[in-house]
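The values are calculated or read from the model by the stated rules, or taken from the named source; none is laboratory data. Keep in mind the model is a prediction, meaning the values are calculated, not measured. No Cβ is skipped: glycine too gets one built from the backbone with ideal geometry, and neighbour counts run over all protein chains shown. The protein model used for the area step is the full one, side chains on, heavy atoms only, and it has no ligands, DNA or RNA in it. Shrake-Rupley method; radii C 1.70, N 1.55, O 1.52, S 1.80 Å.
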Amino acid sequence: MRFRSLFLLLTGVALLASLKPPPAFAQDGAATFKTKCSACHGAEGQGKIGPALKGTSLSADDIANLLTKGDDAKKPPHKKAMNGVSDADAKAVAEFVKTLK
Ligand code: HEC
């Protein structure tokens, strides 16, 4: 009887663990920054080919808009919307950029 309840308990725990939602990789701003921005803006946003982003005076919304809509007054790659950056990615990466100091 004791083994049976132990077995049930373990199955229950395993079941609960498997129900956890997968991590939201697409919304992970730090990961997006690393793969899509750091080559030009530096791993810490210190600037490289592109200007430094850490301590930027732009708001997270400005940054997200630049990525999803582009700005005709900017040089490439920001003249146009960036490829492969969804609205959710842009928002997450913009919030990540605002944490760089
Ligand atoms: C191919 C290189 C390149 C990549 C990749 C790139 N950028 Fe840029 N970025 C630039 C350049 C060059 C500028 C300057 C454009 C200008 O001022 O006309 C710039 C400007 C910016 C600006 C405006 C800075 C300011 O002070 O006005 C922001 C914000 C920005 N980038 C964010 C990002 C983010 C976030 C990513 C990743 C999703 C990214 N960039 C990817 C090259 C790049």
Is it true that Gly29 is without any contact (Cβ under 8 Å) to a residue 40 or more places away in the chain, open to solvent by less than 40 Å² (accessible area, probe 1.4 Å) and out of contact with any Lys or Arg (no Cβ under 6 Å at 6 or more places or on another chain)?
no
Exposed (fewer than 13 other Cβ atoms within 10 Å of the Cβ), part of a helix (DSSP H, G or I) and out of contact with any strand residue (DSSP E or B) (no Cβ under 6 Å at 6 or more places or on another chain), is that true of Ser5?
yes
